[in-house]
Amino acid sequence: MSDLRLWRLDELCPSCAARAGLRCQTFRYSDKPSRILHNARGWRHRPCPTCKAQPGEICRTPTGRQASRPHTARLHRGRHELFSDDQVWEELERWKAPTAFVRFSGGGGSRGSIGAVTLEDSEKRMLARWGVGEGELPEALAVPIWARYALFRGRPRITGLVMWDLQERQVLVGGERGDRKFEEVLVQKPLARAHLAPLTVPDDAQ
């Protein structure tokens with residue numbers, strides 16, 4: 001079970017007030033889902049620079065009492081947290097990995113789970129392979145799944161594969177939803193590349 005999912009989805013979002021287990025919204029109390037999870041949602045995972053609370057602990061006032069809300073400094077991402085798409089693309093460039101794949105499943109009464117996360121080079125040779133909770137990059141590559149499906153509550157059984165395409169700066173997902181195949185874009189390609197032909201997720205990617 002992904003630690004990232006637990007500490008970012010099992011908490012109310014201080015930025016948009018999305019309830020535990022639900023997707024983030026575009027702005028506070030909006031009913032329009034956001035395609036990202038807000039950085040503030042991971043506050044409990046981080047130490048607090050203001051009151052020195054440790055990960056998992058509640059923030060404290062100067063008198064030692066429990067604070068009514070986490071301190072503002074704790075709502076921003078930590079130094080080693082990869083949240084933005086730009087940061088993930090930069091990491092893929094550093095690995096010289098034009099594609100990354102994330103296998104996932106969930107729904108049908110089960111919470112979501114991540115299978116293997118793999119990087120491939122231009123010759124489709126595997127550069128790296130991770131399981132759940134084995135590093136910031138594999139966790140960051142899985143973020144579009146949680147932003148799209150949250151904890152999979154109320155959804156039919158979904159199994160699929162997310163593909164990050166470095167050249168197009170686009171993230172696709174494809175698989176089966178119930179008894180039907182599906183494919184959709186999770187992160188749009190930049191407008192400057194919009195004239196290029198759409199990509200498809202390979203059925204045999206490992």
Item to check | Selection from the stretch 37-61 of residues that are among the hydrophobic types (A, V, I, L, M, F, W, C) and either buried (at least 18 other Cβ atoms within 10 Å of the Cβ) or not in a loop (DSSP other than H, G, I, E, B) (or both) | outcome: Leu37, Ala40, Trp43, Cys48, Cys51, Ala53, Cys59
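Please specify each residue of the stretch 119-138 satisfying the condition of being under 22 Å from Ile158 (Cβ atoms), at pLDDT 85 or above and within 15 Å of the chain's Cα centre (by Cα).
From the stretch 119-138, those under 22 Å from Ile158 (Cβ atoms) are 130-133, 138; that's our starting set.
Adding the requirement that they be at pLDDT 85 or above leaves 130, 138.
Answer for the stretch 119-138, where residues must be under 22 Å from Ile158 (Cβ atoms), at pLDDT 85 or above and within 15 Å of the chain's Cα centre (by Cα): just Pro138.
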Checklist entry - Of all residues in the stretch 135-163, which are charged (D, E, K, R), surrounded by fewer than 19 Cβ atoms within 10 Å (Cβ to Cβ) and within 20 Å of Trp95 (Cα to Cα)? => result Glu136
Checklist outcome for this item: The number of residues in the stretch 77-112 that are of a type in the set (Ser, Thr, Tyr), under 17 Å from Gly133 (Cβ atoms) and modelled with pLDDT under 90 is 0
Next on the checklist: Conditions first: (1) part of a helix (DSSP H, G or I); (2) closer than 25 Å to Arg155 by Cα; (3) at pLDDT 80 or above. Arg74 passes all but one, so which condition is the exception?
Outcome noted: (2)
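Looking at the stretch 62-76, is at least one residue of a type in the set (Gly, Ala, Ser) and surrounded by 15 or more Cβ atoms within 10 Å (Cβ to Cβ)?
Checking the stretch 62-76: at least one residue is of a type in the set (Gly, Ala, Ser) and surrounded by 15 or more Cβ atoms within 10 Å (Cβ to Cβ).
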Next on the checklist: Cβ-Cβ distance below 7 Å, separation of 6 or more or different chains: which pairs start in the stretch 8-31 with a residue that is at positive phi and end on one that is modelled with pLDDT under 80 and among the hydroxyl-bearing types (Ser, Thr, Tyr)?
Outcome noted: Ala17/Tyr29
Item to check | Subset tally (residues that are at pLDDT below 75, closer than 22 Å to Ser113 by Cβ and surrounded by fewer than 17 Cβ atoms within 10 Å (Cβ to Cβ)) for the stretch 1-34 | outcome: 4
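The values are calculated or read from the model by the stated rules, or taken from the named source; none is laboratory data. It should be emphasised that the depicted structure is a prediction, and the values quoted were computed from it without experimental measurement. All Cβ positions, glycine included, derive from the backbone under ideal geometry; neighbour counts span all protein chains shown.
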